[in-house]
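See structure below.
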Amino acid sequence: MKLEIVIPAYNEEAAIEAIVRRCLDARQTIIAETPVDEVSVTVVSDGSTDRTEELARAFEPEIRVIAYEKNRGYGAAIKTGFAAGDGELVSFLDADGTCDPEFFAPMVKALLEQEADLSLGSRMGPQSRMPKVRRLGNRIWRMLINWMAQADISDAASGMRVIRRDALPLLEPLPDGLHYTPTMSCRAALDARLSMVEIPMAYEERVGRSKLSVVRDGLRFLKTILDVGLTYQPFRLISVPGLALLVLAFLLFLPVVLYYVQTRRIEEGEIYRILTVLVAATAGLQMFLAGLAGERAVDIVHPKKWHGGRFLVWLKGALTQKRLLLIAGLLVVVALALNARGLWTYVSTGYVRQHWSRAAIGGLLTLTGLQCFAAAVLDRTLRLLAGLAATTGPGSPTDP
């Protein structure tokens, strides 16, 4: 079994020699403690403008050196290193000296013993010397990923990992920039075909200046994590906030309903509350139904390949096309009945003689009904597309 170690390096002349030597020295430990019998080291100089490439080439032919003229990005360098090798296991670590290459041994061991696809070294333990700002950012990313995937990742952006080569296609697409690692963590956590194991490791202060921008790269991390989440768990990202808005609308409207039951009237000052309820309920329902539609689309791309939870499975089965159309029809009928007298007087006299609350509530019911109608049409469209995706020949799709 062969392990490929890839070292992406961009202007790391102060650290590249030391990390290469440490990787070469670690080969004996890795081979002695794991089933690995061969270890190769590849340095990818990612458009470095200093002496990184020159210093790395001094170790040839004991290592492989790949160099770009222009910077392509951290993730692109790792992908290039992976593509250049042929080992059953691929790995990478940063060139800045923060990680100990000998730690590849327990990572490989854990990967094989637990039959995982990905093993990463967690830098969040007590021995870590990670800067406080980066530690805070890492906690934010891991909390978001864990919430979406119902996982328990401790270090979403670890720069030291071991991966089975045959698992790489399942992790794609991955970005070329520094957000390569959190994206990989997110995909591994969300895709039920992949399993991941974490091993606590020491983390030292880097040699040289960091290339990471806390704000710029932090926003990239966030965008990428949200994008991956939308491709696997749109319900959690969209529908859950939508449900929160629906609950808020209900709680705001409940006092109005109770007061009306007791007094048979709605005070004029409640117009602002009811308008707020209208906006919150409409937006909440729209987000809720959009999340469900997203889950239908995910079913087409990832059929039975991710974990959605029992509630989501039940919900998708309960809110069928026919039921959504029935709900839409009932809501519109109720809205018309509530405003029938006002509509009649307007048609016959040109004036509206009814309380404004009836028009507001009727408008809310009508908007809700139209949203349910649109959701039913979209549900039908996605089911037809699912039938097309399941069809192996050029014939007509099976009617779902």
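Can you tell me, using C-alpha contacts under 8 Å and at least 6 residues apart, the relative contact order of the chain as a whole percent?
13 percent
With the simple spin-label model, which puts each label point 7 Å out from Cα in the Cβ direction, the A84 to R51 separation comes to 2.1 nm.
Annotated for the chain: lysine pairs at least 8 residues apart or interchain, Cα distance under 29 Å, count 21. Only DSSP H runs of four or more residues enter the estimate; each adds -39500 (n - 2.57), and after division by the residues of the chain the mean residue ellipticity at 222 nm equals -18500 deg cm²/dmol. Taking amide H as placed 1.01 Å from N in the peptide plane, I7 has its amide H under 5 Å from the amide H of T42, V43, V44, each at least 5 places away in sequence or on another chain. Legend: P(r) of segment 2-231 from all alpha carbon pair distances, 5 Å bins from 0, whole percents, reading 1, 7, 15, 20, 21, 18, 11, 4, 1, 0.
Applying both filters, DSSP loop and at most 15 other Cβ atoms within 10 Å, to the trypsin sites (Lys or Arg not before Pro) of segment 67-125 gives K70. With neighbour counts taken as other beta-carbon atoms within 10 Å, the residues L325, L331, L219, L3 rank, fewest first, as L219, L325, L331, L3.
Please identify which residues in segment 44-61 have an amide N closer than 13 Å to a label point set 7 Å out from the Cα of E102, following the Cα→Cβ vector. Within reach of a label on E102, which here means backbone N under 13 Å from a point 7 Å along Cα→Cβ, segment 44-61 contributes nothing.
Residues F82, F104, ranked from the fewest to the most other C-beta atoms within 10 Å, line up as F82, F104. Sequence-ordered 3J(HN,Hα) estimates for segment 186-201 from the Karplus curve with 6.51, -1.76 and 1.60 and θ = phi - 60° stand at 5, 5, 5, 6, 8, 8, 5, 6, 10, 10, 9, 10, 10, 10, x, 9 Hz, glycine and proline given as x. Each peptide among 311-318, 261-268 gets the average number of other Cβ atoms lying within 10 Å of its residues, and from highest to lowest they stand as 311-318, 261-268. Values of log10 I(q)/I(0) for the chain across q = 0.06, 0.09, 0.10 Å⁻¹ run -0.37, -0.69, -0.78, by the Debye formula with one identical scatterer at each alpha carbon and no solvent.
As a proxy for reagent exposure, D50, D152 were ordered by neighbouring Cβ count within 10 angstrom, fewest first; the result is D152, D50.
Charging the Cβ of each Asp and Glu at -1 and of each Lys and Arg at +1, and nothing else, the dipole of the chain about its Cα centre rounds to 2420 debye. Axis angle, to the nearest 10 degrees, between helix 271-301 and the longest C-alpha principal axis of the chain: 50 degrees.
Among G85, G242, G329, the largest mean-square fluctuation in a Gaussian network model of the chain (Cα springs under 10 Å) belongs to G329. Pairs of Cα atoms nearer than 8 Å and 6+ residues apart set the relative contact order; for segment 234-390 it is 30 percent. Of the residues Y74, S119, S45, the one whose Cα sits farthest towards the positive end of the charge dipole of segment 2-231 is Y74 (charges of +1 on Lys and Arg Cβ, -1 on Asp and Glu Cβ, taken about the Cα centre). With θ taken as phi - 60° and the Karplus curve 6.51 cos²θ - 1.76 cosθ + 1.60 applied, the whole-hertz 3J(HN,Hα) list for segment 47-58 is x, 4, 9, 9, 8, 4, 4, 4, 5, 5, 5, 5 Hz, x standing for glycine and proline. Peptides 175-187, 18-30, 34-46, ordered by how many other C-beta atoms sit within 10 Å of their residues on average, highest first, read 175-187, 34-46, 18-30.
Spin-label model, L258/E60: points 7 Å from Cα along the beta carbon direction are separated by 7.9 nm.
Just so you know, all these numbers are worked out from the coordinates, no wet-lab data involved. The shown structure was predicted, so the numbers you read here are calculated from the model rather than taken from an experiment. Counting neighbours? That spans all protein chains shown, and the Cβs are built from the backbone with ideal geometry, glycine included.
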